[in-house]
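Chemist: Input: one structure, supplied below.
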Amino acid sequence: MRIISGSAKGHRLKSPKGLDTRPTTDRIKESLFNIITPHINEACVLDLFAGTGNLGLEALSRGAENAIFVDKSKVATSIIIENLKYTKLMDQAMVFTCDYMQYLNKFYDGQRKFDIVFLDPPYHKNFIEPVLKYISDKQLLNREGIIVVETDKDDVLFDNIYDFKISCSRNYGRTAISIYKYS
């Protein structure tokens, strides 16, 4: 796993040992970032269920202004901090060790609007719908922003949910990527 493009291109990223995280593969990440490139420059990014920080780090390397990384695992957030330091992107980031609802209810200031939200939760755990509801209710996303959802290809996502609709969806083996925008 490495940074594919931008200021930190070629840097290999650390990943926690074991099966608690599923870093997005370089092949999927490259395809995804080819699709979302127009949204990255100077973007404010929220990487929920961040794992290694792979997606948020790639966005920062490619020109995002800042990123917030949230993961409940202390091991994962320690790895994210190491990866941020190694890629020299730490000054553009904040890392929170807590679950997604704790961040959204306790640490999110209600003022910041995000241009890109990455959601890559554990598969088959029904996290997507409540997070999309919260993003809609609290209007966390800029009107032109996107929500990138990574799921198992067998997970069922609604084409239209709350204020959002899927604008693009692709399958890569067992992994599915869906991009939501405001309807």
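Chemist: Could we say that VAL70 is touching a strand residue (DSSP E or B) at 6+ places or on another chain (Cβ under 6 Å) and within 15 Å of ILE179 (Cα to Cα) here?
Modeler: no
Chemist: What do you reckon, is ALA176 within 15 Å of ASN54 (Cα to Cα), of a type in the set (A, V, I, L, M) and out of contact with any Pro (no Cβ under 9 Å at 6 or more places or on another chain)?
Modeler: Spelling it out, it is not the case that ALA176 is within 15 Å of ASN54 (Cα to Cα), of a type in the set (A, V, I, L, M) and out of contact with any Pro (no Cβ under 9 Å at 6 or more places or on another chain).
Chemist: Within the stretch 95-105, can one find any residue that is free of Cβ contacts under 8 Å to residues at least 40 places away in the same chain, out of contact with any Cys (no Cβ under 6 Å at 6 or more places or on another chain), open to solvent by less than 20 Å² (accessible area, probe 1.4 Å) and under 23 Å from LYS17 (Cβ atoms)?
Modeler: Yes, some residue in the stretch 95-105 is free of Cβ contacts under 8 Å to residues at least 40 places away in the same chain, out of contact with any Cys (no Cβ under 6 Å at 6 or more places or on another chain), open to solvent by less than 20 Å² (accessible area, probe 1.4 Å) and under 23 Å from LYS17 (Cβ atoms).
Chemist: While we're here: For the stretch 109-128, give me the residue count where each residue is at negative phi and either among the hydrophobic types (A, V, I, L, M, F, W, C) or touching a strand residue (DSSP E or B) at 6+ places or on another chain (Cβ under 7 Å) (or both).
Modeler: 12
Chemist: Please specify each residue of the stretch 137-166 satisfying the condition of being more than 28 Å from GLU30 (Cβ to Cβ) and surrounded by fewer than 16 Cβ atoms within 10 Å (Cβ to Cβ).
Modeler: Passing the criteria: ASP137, LYS138, GLN139, ASN160.
Chemist: Being assigned to a helix (DSSP H, G or I) and within 16 Å of the chain's Cα centre (by Cα) is the filter here; which residues of the stretch 97-109 pass it?
Modeler: TYR100, MET101, TYR103, LEU104 - these are the residues of the stretch 97-109 that are assigned to a helix (DSSP H, G or I) and within 16 Å of the chain's Cα centre (by Cα).
Chemist: If you check every pair at least six apart or on different chains, which have Cβ atoms under 9 Å apart with a residue in the stretch 43-57 that is over 15 Å from THR25 (Cβ atoms) first and a residue that is open to solvent by 10 Å² or more (accessible area, probe 1.4 Å) and among the basic types (Lys, Arg) second?
Modeler: If the second residue must be open to solvent by 10 Å² or more (accessible area, probe 1.4 Å) and among the basic types (Lys, Arg), the pairs left are CYS44/ARG112; CYS44/LYS113; LEU46/ARG112; PHE49/LYS72.
Chemist: Within the bounds of the stretch 94-110, is there any residue that is at pLDDT below 95 and more than 23 Å from LEU141 (Cα to Cα)?
Modeler: No, the stretch 94-110 contains no residue that is at pLDDT below 95 and more than 23 Å from LEU141 (Cα to Cα).
Chemist: Another one. Please specify each residue of the stretch 64-86 satisfying the condition of being hydroxyl-bearing (Ser, Thr, Tyr), open to solvent by 10 Å² or more (accessible area, probe 1.4 Å) and out of contact with any Pro (no Cβ under 9 Å at 6 or more places or on another chain).
Modeler: Passing the criteria: only TYR86.
Chemist: Would you check which residues across the stretch 130-183 are within 21 Å of TYR108 (Cα to Cα), small (Gly, Ala, Ser) and either in a strand (DSSP E or B) or touching a helix residue (DSSP H, G or I) at 6+ places or on another chain (Cβ under 6 Å) (or both) and list them?
Modeler: GLY145 - this is the single residue of the stretch 130-183 that is within 21 Å of TYR108 (Cα to Cα), small (Gly, Ala, Ser) and either in a strand (DSSP E or B) or touching a helix residue (DSSP H, G or I) at 6+ places or on another chain (Cβ under 6 Å) (or both).
Chemist: Which one of the conditions (1) out of contact with any strand residue (DSSP E or B) (no Cβ under 6 Å at 6 or more places or on another chain); (2) at pLDDT 95 or above does LEU13 fail to meet, given that it meets all the rest?
Modeler: (2)
Chemist: Select, from LEU55, LEU48, the only residue that is under 21 Å from ALA76 (Cα atoms), open to solvent by less than 10 Å² (accessible area, probe 1.4 Å) and hydrophobic (A, V, I, L, M, F, W, C).
Modeler: LEU48
The values are calculated or read from the model by the stated rules, or taken from the named source; none is laboratory data. Predicted, not measured: the structure shown is a model, and the values here were computed from it. Note: ideal-geometry Cβ built from the backbone for every residue, glycine included; neighbour counts use all protein chains shown. Heads up: the accessible areas ignore ligands, DNA and RNA and are worked out on the full protein's heavy atoms, side chains in. Shrake-Rupley method; radii C 1.70, N 1.55, O 1.52, S 1.80 Å.
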